[in-house]
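To start, the structure itself, in structure tokens.
The values are calculated or read from the model by the stated rules, or taken from the named source; none is laboratory data. Since we're looking at a predicted model, the values are computed, not measured. When we count neighbours, we look across all protein chains shown, and the Cβ atoms used for this are built from the backbone with ideal geometry, even at glycine. Heavy atoms of the whole protein, side chains included, go into the accessibility calculation; ligands, DNA and RNA do not. Shrake-Rupley method; radii C 1.70, N 1.55, O 1.52, S 1.80 Å.
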Amino acid sequence: MDKKTVPGTFAVSAVVFILMFLAPAAVYGQDMEEASPLPFRYEVRAGWGGFPLWDAFVFNDASDPAFSSLTTLSSLYADYNGDVYMTGTISTEFVFHFKKWFSLALGMGYNGIFSTTYSSDTGARTGMDCGAVVSFLPQVRFSYLNRDYVRLYSSIGAGMSLGAFAGSAACMLSFQMVPIGVTVGKKVFGFFETGIGTQYVGCMAGIGFRF
């Protein structure tokens, strides 16, 4: 299978599986009674963290001649890249609260990619390759514990990612699942969540503001 087609196929299969897994949460949420009106209709949040595993899979070997099926003599003697580094996922979200238990988050993610380039002839440093992956990822969020200062939630989302690095570019489906997340605070809050997907794998933390 062509390496470029793997992200889209895997993402579609994963999203279908996760939607089936979380469907009971939606049914449960519809039966919950709201004791009071929504205290806040919107929120904005920004976070950082997690390991962008999918970006590493797609772009880590982008400058390797073996990555391309069209290897030429000139490419074999071209500058080469050293270790590839990434900033990690930096995310921002604007969230609409429809119910105390249900929200829609419109998120943007950014992951910077950079690597030092070296001469194939002398091994001397010749410059720097820089790139990035930008993603648009709407998510539905289900809150199963709502207190004045503490909330527990899960979320799932799917969207698109665009990336470019070292002469290689990719457009792919993206998805993210957050099995558990927590916010602490009321109008101004901090959050911490665990996630798995194309945007990041691991944990993310940040701050937000409700209004």
### Query
In the set 129, 121, 148, which member is under 23 Å from residue 56 (Cβ atoms), of a type in the set (D, E, K, R) and out of contact with any His (no Cβ under 6 Å at 6 or more places or on another chain)?
129
### Message
Between a residue in the range 85-101 that is at positive phi and any residue that is at pLDDT below 95, which pairs come within a Cβ distance under 9 Å, given they are 6 or more apart or on different chains?
### Response
88/49; 88/50; 88/51; 88/52; 88/111; 88/112; 88/200
### Elements of type strands (runs of 3 or more DSSP E) contained in the range 58-161, each with 2 or more residues being at pLDDT 95 or above and open to solvent by 20 Å² or more (accessible area, probe 1.4 Å)
89-97, 102-118, 125-146
### Summary
Within the range 167-185, residues at pLDDT below 95, surrounded by fewer than 21 Cβ atoms within 10 Å (Cβ to Cβ) and out of contact with any helix residue (DSSP H, G or I) (no Cβ under 6 Å at 6 or more places or on another chain) come out as 167, 168, 169, 171
